[in-house]
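Enquirer: Could you have a look at this structure, given as structure tokens, before my questions?
The values are calculated or read from the model by the stated rules, or taken from the named source; none is laboratory data. The shown structure was predicted, so the numbers you read here are calculated from the model rather than taken from an experiment. Because the Cβ atoms are built from the backbone with ideal geometry, glycine has one as well, and the counts that use them run over all protein chains shown.
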Ligand SMILES: C[S@@+](CC[C@H](N)C(=O)[O-])C[C@H]1O[C@@H](n2cnc3c(N)ncnc32)[C@H](O)[C@@H]1O
């Protein structure tokens, strides 16, 4: 991968200009973030922005979507700093205002997709995913909570799977995921299925049937992450590729399960019949993992897991 910082292409340059017009205070963060973007990522950002334009999404709306995520995160961070907890702890407290509010959810998912390019922690997780995703396995791929659909699209394009199933509780997320797939992988029509449902209710899936299971940024959104992890272990074939990301001390409007350290996530993974085979633990910029623990700062974690032999 070329590691040269890349000048932005026209659509991205325009988006950044509009973000900074709407929020000049974001300039410092934005300039530091853009310095991380490599040539291939700059190109991917441009193609993602081309996709949003085909959906009739205006650059101003997209800038607003991104800044909604920035603003919501800042507000929840202030709440967290004052109260040492996330604002909500129950799914029912966030469901109507987030997952089932179509307008908000569309904005949130477009904004989140942009953070996958602009926020260094999200960029690093996307790099990790592309690095570890097997390319030649075939078989059945399951993704839980595809959201904006960008990870799923990458897996469909490069993973070589025979079939893909994605389950998301939000109709807006399913719609955005479908649009991303139709735009970026028209040749794969008929090889993927998208279902709007709670993964808790996906009881029709067959144990030991999945060759790959991916779940990005979902565990912190559920009351019982243990139930999700056990179900993943049950659905995975013995040698399945399992990829899970989550975050620690990372308040957001819909984060309801609070981990205080990566070790807590990893202990739960172990209790649920899964082993960590590769890990990315991304401390808050400029801090160590130990400092994040004592200062209650965010850590992003991504894991490649393997089902433990019975
Ligand atoms: C923060 S987004 C993550 C998007 C993407 N996977 C990523 O890593 O950027 C979380 C997604 O999980 C979905 N979700 C939350 N709880 C869920 C559940 N119980 N079952 C299925 N999907 C869920 C949300 O609707 C949303 O689309």
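Residue-wise test of (1) within 13 Å of the ligand (Cβ to nearest atom); (2) assigned to a strand (DSSP E or B).
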site	(1), (2)
146	yes, no
155	yes, no
194	yes, yes
206	no, no
215	yes, yes
234	no, no
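Per-residue answers, yes or no, for (1) in contact with a helix residue (DSSP H, G or I) (Cβ under 8 Å, 6 or more places away or on another chain); (2) within 25 Å of residue 271 (Cα to Cα); (3) modelled with pLDDT of 95 or more:
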{"position": "160", "(1), (2), (3)": "no, no, no"}
{"position": "169", "(1), (2), (3)": "yes, no, yes"}
{"position": "222", "(1), (2), (3)": "yes, yes, yes"}
{"position": "231", "(1), (2), (3)": "yes, yes, yes"}
{"position": "234", "(1), (2), (3)": "no, yes, yes"}
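Enquirer: With respect to the numbered conditions (1) within 21 Å of residue 123 (Cα to Cα); (2) surrounded by fewer than 20 Cβ atoms within 10 Å (Cβ to Cβ), which one is the sole condition not fulfilled by residue 178?
Expert: Failing condition for residue 178: (1).
Enquirer: Going through 206, 227, 214 one at a time, which residue ends up being in the same structural domain as residue 289 (by TED's automatic domain parsing) and surrounded by 21 or more Cβ atoms within 10 Å (Cβ to Cβ)?
Expert: Values: 206 fails: surrounded by 21 or more Cβ atoms within 10 Å (Cβ to Cβ); 227 fails: surrounded by 21 or more Cβ atoms within 10 Å (Cβ to Cβ).
Within the list 206, 227, 214, the selection yields 214.
Enquirer: Further question: Restricting to the range 6-25, name every residue that is within 19 Å of residue 70 (Cα to Cα) and surrounded by 18 or more Cβ atoms within 10 Å (Cβ to Cβ).
Expert: Across the range 6-25, the qualifying residues are 12, 15, 16, 18, 19.
Enquirer: Another question, then. Yes or no: the range 189-198 includes at least one residue that is touching a residue at least 12 places away in the same chain (Cβ under 8 Å) and within 15 Å of the chain's Cα centre (by Cα).
Expert: no
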